[in-house]
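Taking it in order: structure first as structure tokens, then the write-up.
Any read-out appearing in this document is the output of simple, stated calculations on the displayed coordinates, not a laboratory observation. Here the structure is a predicted model, which is why all the values come from computation and not from measurement. Here the Cβ positions follow ideal geometry from the backbone for every residue, glycine too, while neighbour counts run over all protein chains shown.
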């Protein structure tokens, strides 16, 4: 119909009626009364008679007509009233009697009814709640429950106490009703709505505090009563227990904090005590090889910050103490072999621990390395001893060791080598020992030797090993030359007077000997033989010089001992030239293996029967020290070695003492080797000499390094230069800043460097 | 200058004329003349090699009114850039005297105070100090022997360095047998920069080992004397 009115005609108003917005008061109240009643019935668990559809519709209507607030407020009132007047009363009544069960069932009932209520009032949830930014129905119910029941002072404290008591009981070993605790915790979690704050406030916090207290007391008790390993096991057990408790019937999220509490109380606060416990702590475990206990401790201490460090420090102290004891010089004279072997054993022990107990933890590995480095360098003779040890292993006659075993030992020795600070000292001794081995033909196998050298090469570079390799080459070349010499002899039919000569030609630069100043008077036969060789060699290599090194040679002599002393003695035959002219019994022939000096001395007795010390000295020109040694081994050694007799029969040697051949000499062996009275290691003066040479070499190395660095960098500040030099040389030895400074000054004086004019602390390279 | 081994050397026909005769009051006011300077030089020099020798220098000093060991002589030598202690060549003489604008003894006398004063200038002093070392070196050596060094140092540093006496004490009892150029230079630097209580001495200061050892010695010395309460 037209709504357009024209003129003053009467309007037929056709209006679309708006939905009645305003309900009248009475209508609203009725709806609310209905709903209120329904809610209360639900709360009384009488919901079966209700119509969901009707209630929903009514709620819907209310909200639609803008009465949401009334509905909401009303809801709150009803729920609150129910909880206060009904539920709370019941709960409070049950304080002493099935408290948790009652509370739990009240909670369950509440949840159930709230769900139903929420379902009815869902429209309000969606519309009114959203628009007005209030809690939704379910959450509202939770909040009311929380505030009116849980946070009601009596209930609150009682709940907390009950829960804590139950936990405490269980810790003591009693059995408790886990289910109810679990429910209570669940409830608290839910009551936090979107956070765990209720659970945390009402339960977890006091729980943690109580636990801390409990374990604090327990730890003290445990520690007082138990050994470290037992304590550790107990701690482990408790941690497991608490973790399990949290998982099973507290809230899972509590696991982490409670474990932390335990770690704190049981471990962290007592770390040092546990580690240092007398007769059961770390040291005890190490001493008695209790790797399993150590492993347990390790696992446990991993949990706390600084736990491992505490263990590590204790172990380090013990290791250093052990190591220091091993490297201290023995008053009776240190045996190099046992010295090194004991260090190797110690390393093996700790490597075993590292592997078995500490799962190759890097912290421990570093600790072991730095400790070894520390104490092995406390004894300045360590490099010498290490070289002697390796020398021993590489010599012939090391029984019962297969190639593989020798290889292992060498590898382990290399580990010790890396710890040495003064590697250049080691190099010097190694050269000396290698030279002796090669010349006296004492190596177990060439392969092992070469193997060792290649290990050193890998470690230190070519410069270290080039000379060693040179020594080997000399040996091979000498063999070749000897072949050629033999050939030459046959061809030229040269007679060496029955002397079988074997010459080794050594290149001076490679071998660690001084060029021999000692010229001793060779007996004629060997001398002539040598001259023949010399002529041969120089014929092949003109321009070279050969000098005989008597201190490094050896000789095999045919010796005849006339058993009975004869009144008219003639010269004794010591070289196999014609038979002895005696017919007396106990004529004995032997071959004696001696050093060159020994030979020179013994050959004298072909000329004259007895010689005084002075006479021998003058005749042979052997240097005094070597002469003494030689005579000592010939005349004052073991009985089976005494080829010579001395008169008077004292231990010392005076210039006027007389030496004669010991005709009573007997030996079971045909070949008798005369041992030199050689000390295994250096004597004191020898050591000093070596040390001086090392220092000399170091001076040169430092200067070379300085010049090298300055040439490259042109200008450098003092501190930086010192640091660079130290860095470059540290693979060989550790130069002290003072020594470096002295070298710098030397170079300034010789005008390789100068100070800059602007800053005297900066040096420049002088081209 | 410190006493120096005198070269044996014939002095014949030493000129007898006193230098005073060559320089009258009038000429003292006139400008510098090379000729006069040369004549003045010839007054002192020995016939043989055209340079003033130790005897000539001694006379020169007497005329000047100073001992040969006076530091003024060192300053003069520095200005002359003289090569050898105890000898002045003509070139050196001319060079030095030209710088000073002196061609006779009066003028030089007038310049006396100036010369002394020039030592207060740190740059000049440093140069003179450094010069003194090379000047005192004997041919071919790189270092001064201990007594020479100490004497030279006394001339230059005594009174200008509070720790000087202690340093000499240290030197004398030390094993160092001589001082090389680097050490010489650094002693001066040390005296200039390091406080008497050694509070600003740092071990990483790239000081020569000589000075490091001096510091060590001095600190021990201090604690000893404070214990015993001895003063020499």
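Worth pointing out:
- When restricted to Cα atoms, segment B:41-81 yields an Rg and a Dmax of 10.3, 28 Å, respectively.
- With contacts taken as Cα pairs under 8 Å and at least 6 residues apart, segment A:619-767 reaches a relative contact order of 16 percent.
- Segment A:636-767 - convex hull of alpha carbons, volume per residue in Å³: 194 Å³
- The share of C-alpha pairs in segment A:48-170 whose separation exceeds 21 Å stands at 46 percent.
- Segment A:493-560 gives an Rg/Rh value of 0.97, both radii derived from C-alpha positions and Rh following Kirkwood.
- The share of Cα pairs per 5 Å bin across segment A:217-342, counted from zero up to the longest distance, runs 2, 10, 18, 18, 15, 11, 8, 6, 5, 3, 2, 1, 1, 0 percent.
- Once the Cα atoms are used to define both axes, helix A:382-394 deviates from the longest principal axis of chain A by about 70 degrees.
- Sites residue A:328 and residue A:619 - FRET efficiency at Förster radius 35 Å, r taken between beta-carbons, to 0.05: 0.15
- Rel. contact order, % - alpha carbon contacts under 8 angstrom, at least six apart, chain A: 6 percent
- Length released on extending from residue B:98 to residue B:146, taking residue separation times 0.36 nm less the Cα-Cα span: 13.8 nm
- Directionally averaged shadow of the protein assembly as shown, computed from the convex hull of its alpha-carbon atoms, nm²: 98.3 nm²
- Rg and Dmax, both from the Cα atoms of segment A:100-254 and both in Å, are 19.6, 68.
- Sites residue A:671 and residue A:699 - FRET efficiency at Förster radius 45 Å, r taken between beta-carbons, to 0.05: 0.40
- With Cα atoms, 0 to 90° folded angle of helix A:205-225 axis to chain A main axis: 30 degrees
- Pairwise Cα inverse-distance average, inverted: Kirkwood Rh of segment A:315-460 (Å): 16.0 Å
- Taking the longest Cα principal axis of chain A as reference, the axis of helix A:228-248 is set at about 30 degrees.
- Distance between the C-alpha centres of segment A:668-738 and segment A:590-605: 37 Å, rounded to the whole angstrom.
- Radius of gyration and Dmax over the Cα atoms of segment A:140-232, both given in Å: 16.5, 56
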